[in-house]
1. Looking at the stretch B:231-247 only, could you name the residues that are buried (at least 20 other Cβ atoms within 10 Å of the Cβ) and of a type in the set (Val, Ile, Thr)?
2. Just checking: which of the strands (runs of 3 or more DSSP E) contained wholly in the stretch B:122-196 hold 1 or more residues that are under 27 Å from the mean Cα position of the chain (by Cα) and at negative phi?
3. Being surrounded by fewer than 21 Cβ atoms within 10 Å (Cβ to Cβ) and over 30 Å from B:Thr636 (Cβ atoms) narrows it down to one residue among B:Gly424, B:Gly441, B:Gly471, B:Gly453; which is it?
4. Out of the stretch B:649-658, which residues are over 14 Å from B:Asn623 (Cβ atoms) and out of contact with any helix residue (DSSP H, G or I) (no Cβ under 7 Å at 6 or more places or on another chain)?
5. Quick check: anything in the stretch B:758-769 of a type in the set (Gly, Ala, Ser), assigned to a loop (DSSP other than H, G, I, E, B) and within 14 Å of chain A (Cβ to nearest Cβ)?
6. Please tell me if B:Val30 is β-branched (Val, Ile, Thr), assigned to a loop (DSSP other than H, G, I, E, B) and buried (at least 19 other Cβ atoms within 10 Å of the Cβ).
7. Quick one: in the stretch B:679-689, of everything that is touching a strand residue (DSSP E or B) at 6+ places or on another chain (Cβ under 9 Å) and in contact (Cβ under 8 Å) with a residue 60 or more places away in the chain, which residue is surrounded by the fewest Cβ atoms within 10 Å (Cβ to Cβ)?
8. On the given criteria, is B:Val667 in contact with a Gly (Cβ under 6 Å, 6 or more places away or on another chain), away from chain A (no Cβ under 13 Å) and over 16 Å from B:Ser200 (Cα atoms)?
Amino acid sequence: MYNFDYHRPNSVDDAVRARGGSEDATFLAGGMTLLPTMKQRLASPSDIVDLSAIQDMTGVCEDDGRLAIGAMTTHASVASDPLVNQKIPALAKLAGGIGDPQVRNRGTLGGSIANADPSADYPAAVLGLGATVKTNKREISGDDFFVDMFETALEEGELILSVNFPVPDKAAYAKFPNPASRYAMVGVFVAQVGGETRVAVTGAAPSAFRVSEMEAALSNSFSADALRGINIPADGMNSDLHGSAEYRAHLVNVMARRAVESLS
Amino acid sequence: MGQFGIGQGVRRLEDQRFLTGEGRYTDDIVVPRQCHAFFVRSPFASAAITAIDIQDAASQPGVLAIYTAENLSQAGVGDIPCLALMTGRDGQKVKTPPYPALARERVHHVGDAVAIVVAETIEQAQEAAELVEVDYDPLPAVADMKAALEPDAPIVQESLSSNLCLDWAQGNETDVDAAFAKADHIARIELVNNRVVVNSMEPRALIADYDPQEDKFTLHTGSQGIYRLKDQLCQNIFNIPADKLRVITPDVGGGFGMKIFAYPEQVACLFAARELGRPVRWTGGRNESFQSDTQGRDHLTTAEMALDKDGHFLGIRVSTLANLGAYLSNFAPYIPTGASTQMYSGLYRIPAIHAEVKCVLTNTVPVDAYRGAGRPEASYVMERLVDEAARVVGLDRGEIRVRNFIRPEDLPYDTGLNRVYDSGDYPRLLKEACRQIDWDGFAARRADSRSRGLLRGIGLASYVEACGGMGEEEARISLDPDGGVTLVIGTMTNGQGHHTAYAQLLHDKFGLPLEKIRMVQGDSETVHKGGGTGGSRSLLMGGVSAQRAADRVIEKARQVAGEMLEAAPDDIEFDEGHFRIAGTDLSIELSEVARRTHEGAGNGLSPIEETDGYKAEALTFPNGCHVCEIEVDPDTGCLRIVDYVVVDDFGTVVNPMLAAGQVHGGVAQGLGQALLEHTVYDEEGQLITASFMDYAMPRADDMPEVKLTLIEDMPCKTNPMGVKGAGEAGAIGAPPAIMNALLDALIPAGVTRIDMPATPEQIWRALQDSSTAS
């Protein structure tokens, strides 16, 4: 790890100010990606702005029929939160399946979506539930948030404060883990929410994406059988030694069906 | 037998210490004036080093020195030797290219050490290492062993004319040809025995020190026995007398064969310590483990079997390519040859066997022994081949084995490959394992799985290995002032629980509570010789030695007790820690004798310390049967192990809990190799699976419940304890059992071949390909 200056502000304003002090500064949420990258000397930020002391960035509350989850809320907190379990059990289950207990006790919702790892779990929920990402500057629709591999709509220095999840009529998440890392090789979030049916996929492509053909089929008939024969083209899928593009494309259909089956 | 003696599943004496974080591993040891080493490693699989500029790096804060191959050469530091100088079929010895601690003029694999940077802190060493400028002229590399044997392949080692370093054969080719000529059936398979990264929990680590007053080195390092390492360092590398190097191995967090060998970091750090006159320490990072610890397996094999019309084995023919990596590690050429081919008879009567092995150099990390070392490779070939033979002949896979097994009445049985099996009942073990898993009721379970859309398979593997009796061992036991005893032994526990096992043996001898039985290992100042731990030899070699030394201590103590009781030693019995005049109630405790010998020292008495040893008479042949039942989800290719039964014959079992632990760990490693662990080099020789993000180690939730039965009524006949060894067995039985079950599941879907590691995508793809083909 290279040397850096460490800041631990108590407020969002102070955090943004500290982050703006240097162009090589970076926010530190749970550090589940940033710290290993720094230890491997693949990242060398000049300044680390640790967000862990900012109190109003953690926790879950109900806000106008939606669940607002603070960006610094850990996966373990989301997984065990009574409100989340009551209103969106699929989200609690997703959070409870991220990484291992150590990761879940450190990793955060905001950190995960800001990083936009193509194989992270949360992007599937943000997209699949049509959530809204609230930052220090604006509100960003979940549909517009994920731009490309490790790339989001966030501007330089923009800080996620919370994510607002609509409460769905029903929702489920099915994940095929990478055998080595246990990241999602393919994860599919299926939801009926606000009168629409959403199918969002993570892990398979450079960025989380929705599958309109599946959404149309499920709107017509919310059953696993409705998804049979809807093949995702392998073009544009990620491909690595654990899963070729073809295999991932195939798994999208399988995982989508399993998500729907789990709701019947 | 005492309450905590042989046969009792007593809890490990080590556990309190290890489980509460009180283990003392190499990296836990802090020495005064220590400094830190960091290695500059090659990013290329093959390249010429045209220049190394250390100037900038050397001027960084805290940097004490930077050394390259030039420094080692000038000081006359020797290369790491290959100790297995096998003779090939052409009468030629294995070709041994130089294996320097720091690369000379050329690097041969990614991770090859090029320079050592020593600084006051590890951070300073690492910072400076990044500033060492090495000019590489990249050269064509070859990582694939088949490609390495092509006529126009890049030459891995420039001192050799080809990448074939050993062309080995064993057996009788003429007999085998005759067997095939008269065969009614021929079974033929091709197999991949995939390369694995060992991944011991504790990485390799060391502290090298040098005392200029005494002109003497001290090396703390993880090992599987100090003397194999010490002898090489003294004789081959530093050319110093034996008393000028002390090697100390503290607690070791897993070795699996990989920690037996001498490594470049040990040599470079000892050299640096002598130059600087300060202790130099190094602990490998996990990324370094992936590119510098010896790796395991990596064979490509074609095997054929000739059978008569009734399915009797007439002969086998096996041809293997073995990838040994870029340099020959200490025992590398022995593993795929002597260690493997001599086990090709398996548990079967096979009149004619011929095996050939081509050992190949590639631009990859060196390959050497890994849990089982050659025997798992042999067992994998045989047990996959026997399954294929059953299919070709049309026999049940259990039946064909029973029909061809060496029968108890055939023992002792000479396989014709320098192996004589002494004891066992192979049909009985197979039948017991099949009974437990309900082999005969499988069809109904398969139908049930099919109704749920799943493919079910069952498979078995009857393995045998050769281990235990290798070399010689020595034990020294002293009777301590408090009446306890201390065993000094040259084997080296890596976490197996040696202290517990030896304490149980000595508990039976002395009647002492386990906590009064101490063990000293891993220090060349106190341990005078020892063959170390490997090949499942420790309990046999160390155990018999310890028992014999104990008998000597008791005899000496009996003399003292005789004087104390004023009776003739012949009239004195020793039982449960008491010396008693036979037929009387006059007795004294062992502790009183101990006190007397220590307190009376100089007055005609002296503390009792006795040494005895054991020289191996024969190898031992642990054997057993693994049966495995699996379900495959054809939608995803995911495999689930539904049931797993093991019946093992380890001969006499000292501690069934320790033995079970060995089986569980071995099965985990075997399962890892079969289903998960995939070592992938790309065409340029870059290791793609160089971290746990991409290299899949088995986790607890990958493991089935292993239903283990130990058959203990057939002790080994060639050693006094009757033990056969248990350390490697699990890793030998698991891969063929799992893969046989998997192929059994896939055959109805039209799949004819599946290789390790059978990852979900591999399984899914095999199913896709077969459905496309049909």
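1. B:Ile237, B:Val247
2. It comes to B:164-171, B:185-193.
3. The unique qualifying residue is B:Gly471.
4. Across the stretch B:649-658, the qualifying residues are B:Thr652, B:Pro656, B:Met657.
5. Kept after step one, since they are of a type in the set (Gly, Ala, Ser), are these residues of the stretch B:758-769: B:758, B:766.
Add one more test, that the residue is assigned to a loop (DSSP other than H, G, I, E, B), and what stays is B:758.
Going one step further and asking which of them are within 14 Å of chain A (Cβ to nearest Cβ), we end up with B:758.
Yes; the residues of the stretch B:758-769 include at least one that is of a type in the set (Gly, Ala, Ser), assigned to a loop (DSSP other than H, G, I, E, B) and within 14 Å of chain A (Cβ to nearest Cβ).
6. Working: β-branched (Val, Ile, Thr): yes; assigned to a loop (DSSP other than H, G, I, E, B): yes; buried (at least 19 other Cβ atoms within 10 Å of the Cβ): no.
Considered against the rule, which asks whether it is β-branched (Val, Ile, Thr), assigned to a loop (DSSP other than H, G, I, E, B) and buried (at least 19 other Cβ atoms within 10 Å of the Cβ), B:Val30 comes out as no.
7. Within the stretch B:679-689, the match that is surrounded by the fewest Cβ atoms within 10 Å (Cβ to Cβ) is B:Glu684.
8. no
The values are calculated or read from the model by the stated rules, or taken from the named source; none is laboratory data. A quick note: this is a predicted structure, and the numbers were derived from the prediction, not measured. We place every Cβ from the backbone using ideal geometry, glycine too, and count neighbours over all the protein chains shown.
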